[in-house]
1. Under the classification rounded if a/c is under 1.5, otherwise prolate if a/b is larger than b/c and oblate if not, where does region B:174-279 fall, given a ≥ b ≥ c as square roots of the Cα gyration tensor eigenvalues?
2. Less than 14 Å Cβ to Cβ from A:SER245, Lys/Arg counted +1 and Asp/Glu -1: what total charge do the surrounding residues give?
3. Set the Förster distance to 35 Å, then compute FRET efficiency between B:LYS230 and B:ASP43 from the Cβ-Cβ distance, nearest 0.05.
4. What is the distance in Å between the Cα centroid of region A:30-62 and that of region C:1-77?
5. Modelling each spin label as a point 7 Å along the Cα-to-Cβ direction, I'd like the A:LEU258/C:SER139 distance in nm, to one decimal.
6. Sort B:GLU150, B:GLU143, B:GLU189 by accessible area with a 1.4 Å probe, largest first.
7. For chain C, what does -39500 (n - 2.57) per DSSP helix run (n ≥ 4), summed and divided by total residues, give at 222 nm, in deg cm²/dmol to the nearest 500?
8. Defining a contact as two alpha carbons under 8 Å apart and six or more residues distant in sequence, what relative contact order in percent does chain A show?
4 protein chains.
Amino acid sequence: MDIGMIGLGRMGGNMAERLRRAGHHVVGFDPSPKAREAWTGRDGEAVASLDALVGQLPSPRAVWMMVPAGEITGKTVAALKSLLGRGDVLVDGGNAHYKDTLQRAAELQGAGIHYVDCGTSGGVWGLAEGYSMMVGGDSGAIERLRPIFEALAPAPDKGWGRVGEVGSGHFTKMVHNGIEYGLMQAYAEGFSVLRHKQEFNLDLHQVAEIWREGSVVRSWLLDLTADALKKNPSMDGIAPYVADSGEGRWTVAEAIDLNVAAPVISLALIERLRSRDTDSFSDKLLAAMRNQFGGHAVKSE
Amino acid sequence: MDIGMIGLGRMGGNMAERLRRAGHHVVGFDPSPKAREAWTGRDGEAVASLDALVGQLPSPRAVWMMVPAGEITGKTVAALKSLLGRGDVLVDGGNAHYKDTLQRAAELQGAGIHYVDCGTSGGVWGLAEGYSMMVGGDSGAIERLRPIFEALAPAPDKGWGRVGEVGSGHFTKMVHNGIEYGLMQAYAEGFSVLRHKQEFNLDLHQVAEIWREGSVVRSWLLDLTADALKKNPSMDGIAPYVADSGEGRWTVAEAIDLNVAAPVISLALIERLRSRDTDSFSDKLLAAMRNQFGGHAVKSE
Amino acid sequence: MDIGMIGLGRMGGNMAERLRRAGHHVVGFDPSPKAREAWTGRDGEAVASLDALVGQLPSPRAVWMMVPAGEITGKTVAALKSLLGRGDVLVDGGNAHYKDTLQRAAELQGAGIHYVDCGTSGGVWGLAEGYSMMVGGDSGAIERLRPIFEALAPAPDKGWGRVGEVGSGHFTKMVHNGIEYGLMQAYAEGFSVLRHKQEFNLDLHQVAEIWREGSVVRSWLLDLTADALKKNPSMDGIAPYVADSGEGRWTVAEAIDLNVAAPVISLALIERLRSRDTDSFSDKLLAAMRNQFGGHAVKSE
Amino acid sequence: MDIGMIGLGRMGGNMAERLRRAGHHVVGFDPSPKAREAWTGRDGEAVASLDALVGQLPSPRAVWMMVPAGEITGKTVAALKSLLGRGDVLVDGGNAHYKDTLQRAAELQGAGIHYVDCGTSGGVWGLAEGYSMMVGGDSGAIERLRPIFEALAPAPDKGWGRVGEVGSGHFTKMVHNGIEYGLMQAYAEGFSVLRHKQEFNLDLHQVAEIWREGSVVRSWLLDLTADALKKNPSMDGIAPYVADSGEGRWTVAEAIDLNVAAPVISLALIERLRSRDTDSFSDKLLAAMRNQFGGHAVKSE
């Protein structure tokens, strides 16, 4: 079927390509000429404006947004509100906060435009392996885009589904990422314990490979960890600095709002914050307090 | 090859069976007549004493222990010390603390007996899917048992390996289980957040199935979680009581000994302890303190 | 000086009384006739409407609000906006979120009314011991109310101060309460460890009394804890249920916003949430997962 | 009364001095000539060997050990075992693990020597303000030393007490220190949040001073924190490196042994470990994992 893809970066470009390979007609747009060129270099069809994109699509239109959450998503939705028409479907495949999604859906509803939120997981591997998609929104609209979801998914009937009304897709993806933080931190701590047990001189890559087969902790993240440890077993040259892209924070906030105890997800986030603070004021103050009551020497900077 | 299997319970019985199916000659022993009968019912050969077991095996002997860690393992090793002889290999496939393992290995070394520690993961699924095995000990002894490890593993060259000197196998398995606690807790928290978001009325089993394909959080534990949620989506009739079998505690203690920060693994353990304390003294005292300073009412029991 | 006190409950009534005893003329208002009667029973002067309260005060007026944060504070401010006039000072002594305070201050500024936020600590003990007050807002307005702050504080020059522009008082009080959560939880955990060490049969009240003098952990919270343990050493009849009044949550959210790692304050909050969930879905799911992979029995409800 | 003081360092020297000022006859010993000179410089009486110390004391003797926990305490006890006699009392005022204390007491009991464990809090302030002492051991022996405890305490009947049989004193002190870790971390986190809220430009020393009077979080640790913030509000020149002296670790281990959930004390310890790891392998691995699945750039060292 025909679909517009807004955003041809790392995620959007690969998704457009997976759809193209499945025989769909994808009209791509990205404000960056470089991203558009990358897409035309893959034999894709690109346009230079949202206006042109909408013009190239037959009614009722299907448009997929794959742009950064936040301001850019907001502006794109605002622009499309006047370009799209009754019966068109706009999918937000990015990582918007579900509360923003609810608000955007309400705004588009007045114009008769269906807003569908699709939490998308799979990262750079999605092109080859397919994407996992948690979809929220109107059943009819989602059903109409079934061929798109089936092409993007690992298999037509696997790895995707409508999980509920609009907002539920991004909500579910948010929690998915919260879990991801916890899983990653658990592996990282375990491998760190192994590494620090110098007397056993363990080969962390070998251990990861052993665990990949038959163990209770086998997972796709472990597969990736094994790859990372193979390439660079001592993590040489990598700074101990862990970024976060927002969804972990939202999960922690949501858990608190819902009165759900989520200590591990919370700590996984907090440890990321900690990793970026190489000059911790708390720790300096703790050192000063120990000096105050016990006369313990402080270490100088 | 010929091998003795001590312990024919849930783990040992299945391992003996997997070896038998691979064509090995397994002499089984278990103090429980019922366990022995279960094994002979599977066409296995059982004996009623350690003495008899050792007597049935050609020299140099290979014996695999699959008994509960702690006192029973200690007594079994003590008994075998006088029954086995120079060049024999004794494998401990259980979850002993690596420090106990180091001590036992030292005791057997005097008698020329090789002690091999094999951290074994895979649970009740190992019979069908194979076991993940982290093996520590003398290279020659482990090499001699290669056919055994290859038969127990998911594939001859996958899911097992010698990770180092004796003790390193159980150490690695201990950390494996620590990671497992963290992974489990992360999933449990995430699904709990999803469940408490009543306005989206999410189908947790469906979400788990979607995540199983293509997502970053896909794993074997997620596969099992999906099964559990399919059978019992509301967890009806299951008490919120989470046991622990020791290795999580040891991982936390080891991390602290090694000065490694392991907040997530530690919290995953602590939450298990918390789950079993339905009459928390801390929480009562907190309620009493709030009453003291703020006049906040306490809830009566 | 003359001052209006809006809210004559547990906090407001005691503050009005402390001001009255110091010789100030306090006009009190509370929507509840019972609260007004309690105040007149203390020889206080009460009025039955905001209108009347404002009418009783000489210009420029000083009004102190001591009402629940949230909706009630918002409505009271809205009502006072049209009753107060240029140069009047309105103090919010409650636990409003500092962002709400910023917004309210901006609204009143247009009408020339000074909004002062006073984070107030001291609980039911404040009447006798004085209140600790973190004050934000216009320097001149705060200076004009100096006699009020000096009377409420433990001593004229102690326990209070202008900490910055409007909003900073409530912000500082919010963090104060976050710290309080951490302190309380640390004591509660420690006493719980002592209690569970049955072989030493410790007298927790005695231990608290010993610590009150000369130890590093002495504090006012410990004084209160000692009292609570004296009255009820086993916490009999008290449910292990710990409420929270919002400021802990805000502190956790703010720490995350500021990229500050606050693991202890966060966990202290999470443990309160946990205390109220006697039917934890996470824990049920963990039990079910253990059953899935290891065949470990689940406990029935 | 007559008492021997073994160890004339920061703690022991001050305690000997406080006893001397109270009119007791203190014979001091320290292996370091410098420490002995410091003591004689305070008009104290010093001897150069344990032998001499025991020789100077009338029977039944009272000896107080104030030496580092661990090996030195063990060696000192071993040496005194043959020097002291039936009816003598040996006090360990240091921070020994209570399990070591139990073992030492058992060894001395055979020789009729009373072993008393005194958990001592108060740090460098104890000389002026008195020490908080949690005492375990034989009632008669402790009663005989009452004048000593009364002199060391903040007041004769305050800040000290026999809490139970031998071992209970050190156990109680261990938990005291665990609580201390939690309290310190709570304050440190709170002040860090305040500091990072740059828009309010708070004066942390001022805030601490306000809180010292009338607030719920007032405490002796806060008094010290206020001092530290007065001297050095930005903690300039202090490395964010927080040592630990063992008792926090033991408290965490004991809580786990007793199945008591102690998340805040545990996290306070873990944060100290984290403060010392400026090259976290976990965090490097997390950065590498993010790169693997999402193509997120890693920061170079």
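The values are calculated or read from the model by the stated rules, or taken from the named source; none is laboratory data. What you see is a predicted model, and the numbers here were worked out from it, not measured in a lab. All Cβ positions, even for glycine, are placed from backbone atoms using ideal geometry, and neighbour counts span all protein chains on display. We work out accessible area using only protein heavy atoms, side chains counted, and drop any ligands, DNA or RNA first. Shrake-Rupley method; radii C 1.70, N 1.55, O 1.52, S 1.80 Å.
1. Details: a/c = 2.26, a/b = 1.59, b/c = 1.42.
It is prolate, given that a/c is not under 1.5 and a/b is the larger ratio.
2. Working: positive: A:ARG10, A:LYS173, A:ARG249, A:ARG272, A:ARG276, D:ARG290; negative: A:GLU180, A:ASP244, A:GLU247.
Combined, the nearby Lys, Arg, Asp and Glu give +3.
3. Working: r = 34 Å, r/R0 = 0.97.
Once the sixth-power term is evaluated, E becomes 0.55.
4. Region A:30-62 and region C:1-77 have Cα centres spaced 65 Å from each other.
5. It works out to 4.9 nm between the two label points.
6. Values: B:GLU150 60, B:GLU143 95, B:GLU189 0 Å².
Listed by decreasing accessible area, they come as B:GLU143, B:GLU150, B:GLU189.
7. Values: 14 runs with 159 residues, N = 301.
After summing the helix terms and dividing by the residues of chain C, the value is -16000 deg cm²/dmol.
8. On the way: 454 pairs, mean separation 35.7, N = 301.
Rounded, it is 12 percent for chain A.
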